[in-house]
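Below is one structure, written out as structure tokens; the observations come after it.
The values are calculated or read from the model by the stated rules, or taken from the named source; none is laboratory data. Model, not experiment: these values are computed from the prediction. Here Cβ is always computed from backbone atoms with ideal geometry, including for glycine, and neighbour counts include all displayed protein chains. Just the protein is used for accessible areas: all its heavy atoms, side chains included, with ligands, DNA and RNA removed. Shrake-Rupley method; radii C 1.70, N 1.55, O 1.52, S 1.80 Å.
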Amino acid sequence: QQPTDVKQILKDVSQMTNLPDSYIDEHVHLYPLRSRTYKTLLRELTVNVNKHRPDVVFIDGVVEFVQSFNDEIMSHDLIKSLKNLANDCNCSIINVLHENKSSDDENMRGHLGTMLSQAAGTVIQCVKSIRGVITAQNSEARHAPLPSWSIMFDGEGHIVDAADQRRIDEQLKS
């Protein structure tokens, strides 16, 4: 995503979690990936994780780290490198990867998706309804599964808790 879009999302998260903007500014480091090639991304990620030593790393677009999500060797090497990085820096690495496009196949894409699923402690599937409600639900978990939750975009384009927005909409109708 564009840095300005991510900054807006971080503002929304700040509001939803009651964290002050100053906390987000101080503790969240944003590195846009769009201008990079798969050949440099892992090296850049490793440098930044070693520099900042975060508790959590979000990679929105892990597919950008390989030439093809169906390349078994590249996928294996990437997953191994990410696991080593997480272990060496004592952090969690959360990866975003889309599912297959077929409505009959809800698995994550290619060899990369298969290997991510096998390596992950938890897999969360996000499903968007016709009404625009995005529900995150645990599709795989090594330990206790996480409860599902739902978000949506309000009339101004901000992320809001879907249950809260439904209550507000119902109050406005009354």
Return yes when ASP5 is within 30 Å of ALA162 (Cα to Cα) and either touching a strand residue (DSSP E or B) at 6+ places or on another chain (Cβ under 9 Å) or in a loop (DSSP other than H, G, I, E, B) (or both) and no when it is not.
no
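Could you identify the single residue in SER117, SER68, SER75, SER81 that is assigned to a helix (DSSP H, G or I), hydroxyl-bearing (Ser, Thr, Tyr) and surrounded by fewer than 15 Cβ atoms within 10 Å (Cβ to Cβ)? Break it down into steps so the answer makes sense when it comes.
Values: SER68 fails: assigned to a helix (DSSP H, G or I); SER75 fails: surrounded by fewer than 15 Cβ atoms within 10 Å (Cβ to Cβ); SER81 fails: surrounded by fewer than 15 Cβ atoms within 10 Å (Cβ to Cβ).
The conditions single out SER117.
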Within the stretch 138-164, can you find the residues that are surrounded by 12 or more Cβ atoms within 10 Å (Cβ to Cβ), over 12 Å from MET16 (Cα atoms) and out of contact with any Gly (no Cβ under 8 Å at 6 or more places or on another chain)?
ASN138, SER139, GLU140, PRO145, LEU146, SER148, TRP149, SER150, ASP154, ALA163
ILE130 passes all but one of the listed conditions (1) closer than 19 Å to VAL13 by Cβ; (2) of a type in the set (A, V, I, L, M, F, W, C); (3) surrounded by fewer than 11 Cβ atoms within 10 Å (Cβ to Cβ); the exception is number (1)
Across the stretch 151-164, the tally of residues that are within 22 Å of LYS7 (Cα to Cα) and part of a helix (DSSP H, G or I) stands at 1
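Among the residues of the stretch 21-61, which ones are over 19 Å from ASN84 (Cβ atoms), in a helix (DSSP H, G or I) and touching a Lys or Arg at 6+ places or on another chain (Cβ under 8 Å)? Explain how you work it out, then say what you get.
Narrowing the stretch 21-61 to residues over 19 Å from ASN84 (Cβ atoms): 21-37, 60-61.
Those still in the list that are in a helix (DSSP H, G or I) too: 21-27.
Correct list: ASP21, ILE24.
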Considering each residue of the stretch 1-44, count those that are surrounded by 14 or more Cβ atoms within 10 Å (Cβ to Cβ) and of a type in the set (Gly, Ala, Ser), and give that number.
1
Could you give me the residue pairs with C-beta distances under 8 Å whose first residue belongs to the stretch 139-150 and is closer than 16 Å to ALA119 by Cα, whose second residue is assigned to a loop (DSSP other than H, G, I, E, B) wherever it lies, and which are 6+ apart or on separate chains?
SER139/GLU106; GLU140/ALA120; ALA141/GLY121; ARG142/GLY121; HIS143/GLY121
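Take CYS126 and tell me if it is in contact with a strand residue (DSSP E or B) (Cβ under 6 Å, 6 or more places away or on another chain) and of a type outside the set (D, E, K, R). Spell out the reasoning first.
Working: in contact with a strand residue (DSSP E or B) (Cβ under 6 Å, 6 or more places away or on another chain): yes; of a type outside the set (D, E, K, R): yes.
Judged against the criteria, CYS126 is a match.
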Name the single residue that is nearest to ASP5 (Cα to Cα) among those in the stretch 45-65 being among the aliphatic types (A, V, I, L, M) and surrounded by fewer than 12 Cβ atoms within 10 Å (Cβ to Cβ).
VAL56
Considering only residues that are open to solvent by less than 70 Å² (accessible area, probe 1.4 Å) and hydroxyl-bearing (Ser, Thr, Tyr), look in the stretch 88-104 and name the one that is modelled with the lowest pLDDT.
SER102
